[in-house]
Amino acid sequence: MKLIITGGAGFIGSAVVRQSVNQGIEVVNLDALTYASCLENVADVSASPLYCFEHADIRDRDALDRIFTEHEPDAVMHLAAESHVDRSIDGPADFVETNITGTFNMLEAARKYWETQGRPDGFRFHHISTDEVFGSLPDDPSVQFTEDTPYDPRSPYSASKASSDHLVRAWHETYGLPIVLTNCSNNYGPYHFPEKLVPVVIINALAGKPLPIYGNGKNVRDWLFVEDHADALLTVLNKGELGRSYNIGGENERTNLELVETICAILDEMQPRNSGRYGDLIEFVKDRPGHDARYAIDPTRIRNELGWRPSVTVEEGLKKTVQWYLENKDWWQALLNRDGVGKRLGTG
């Protein structure tokens with residue numbers, strides 16, 4: 001099998017690239033190398049004859065047509081997106097252009113290629129999305145997002161991803177393009193760009209800086225280890241039913257405060273401070289506008305139909321993550337000077 005993976009130099013995309021190549025799958029990594037991309041994320045597999053890199057932007061339709069024609073993929077995994085909610089509040093235009101127009105370009109390039117190839121039965125367009133498209137849940141453990149939950153996006157980011165999901169479904173219904181779609185919960189793990197909560201907490205803690213928590217810290221998220229997510233995505237690509245969507249969760253709901261306290265406890269064990277504990281650095285800051293109260297995934301469909309479940313608890317995954325950041329300081333220190341990193345964004 002040959003895959004085009006868009007956004008393969010990003011956080012989740014690079015995990016999919018690494019797993020795919022290690023499973024013997026030929027990969028074309030299509031990435032624009034924006035501020036959040038890093039080719040070091042795929043350095044472990046970049047010398048493989050199964051790996052190829054294409055520096056291209058999904059907003060460039062001519063480039064996409066060329067790449068499809070030259071590489072003749074068997075499937076597409078579309079992960080390229082602007083993904084940081086805070087940045088979407090400050091600059092929504094990039095999210096509309098990349099996540100909506102870029103997805104439209106990918107769909108049209110894929111459809112043209114698929115039709116030119118005679119509409120092969122085995123072709124797949126796998127669109128990777130987020131649970132944020134469903135909006136916010138009440139504080140009730142019995143209520144979770146299912147694949148049938150109505151869309152109710154609350155931020156420019158989630159609205160742009162909701163729009164892209166609708167386009168993908170429309171191209172399946174209107175043109176017959178063979179698609180599968182997934183919506184995931186919050187990812188964390190190695191190579192996470194240092195503007196999201198988990199890496200911010202780890203890096204700030206090691207520097208003795210305040211650990212910022214929005215609002216009162218009671219916002220709940222379901223946390224999914226990125227390597228588990230990559231495994232789930234490949235499972236859906238290979239076994240998912242055409243035209244169907246699958247929610248992918250970590251089965252690990254935690255409040256933001258609980259998550260940060262867990263990271264602090266792990267750091268206390270792995271690399272104790274000279275005085276005091278890391279939890280002493282926790283600081284509550286002004287909340288994000290439109291901050292959703294709770295996300296939670298009902299994993300019944302992917303578990304029952306495809307036999308997939310996450311392999312680690314959030315505590316196990318965070319230990320792996322903290323250990324990786326302790327051992328790879330050169331990787332994240334080189335990214336700290338990139339635009340916006342270390343600054344509070346999205347205050348409205």
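The values are calculated or read from the model by the stated rules, or taken from the named source; none is laboratory data. In this text the structure is predicted, and so the values were computed from the model without any measurement. Don't worry about glycine lacking a Cβ; one is built from the backbone with ideal geometry, like all the others, and counts go over all protein chains shown.
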Filter region 200-211 for residues that are crowded, with 18+ Cβ neighbours inside 10 Å and either more than 18 Å from H84 (Cα to Cα) or touching a residue at least 60 places away in the same chain (Cβ under 8 Å) (or both) and give the result.
-> V201, I202, I203, N204, A205, L211
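Listed here are the residues, each with its yes/no results for (1) touching a residue at least 24 places away in the same chain (Cβ under 8 Å); (2) touching a helix residue (DSSP H, G or I) at 6+ places or on another chain (Cβ under 9 Å); (3) surrounded by 21 or more Cβ atoms within 10 Å (Cβ to Cβ).
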| position | (1), (2), (3) |
| --- | --- |
| G10 | yes, yes, yes |
| S14 | yes, yes, yes |
| V17 | yes, yes, yes |
| V45 | yes, yes, no |
| R66 | no, no, no |
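Given the structure, is D62 farther than 26 Å from V180 by Cβ, in a helix (DSSP H, G or I) and modelled with pLDDT under 95?
Details: farther than 26 Å from V180 by Cβ: yes; in a helix (DSSP H, G or I): yes; modelled with pLDDT under 95: no.
In short, no.
Does G317 satisfy the condition of being of a type outside the set (A, V, I, L, M) and in contact (Cβ under 8 Å) with a residue 40 or more places away in the chain?
For G317, the condition - of a type outside the set (A, V, I, L, M) and in contact (Cβ under 8 Å) with a residue 40 or more places away in the chain - is met.
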Among the numbered criteria (1) buried (at least 24 other Cβ atoms within 10 Å of the Cβ); (2) more than 25 Å from D165 (Cβ to Cβ), which single criterion is violated by G102?
-> (2)
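Would you mind finding the one in L318, L335 that is buried (at least 17 other Cβ atoms within 10 Å of the Cβ) and part of a helix (DSSP H, G or I)? Can you show your working first?
Values: L335 fails: part of a helix (DSSP H, G or I).
Answer to the check: L318.
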Among the residues of region 114-153, which ones are among the β-branched types (V, I, T), in contact (Cβ under 8 Å) with a residue 40 or more places away in the chain and closer than 19 Å to R244 by Cα?
-> I128, T130, V133, T146
Residue in region 297-309 that is assigned to a loop (DSSP other than H, G, I, E, B) and farther than 25 Å from G13 by Cβ present = yes
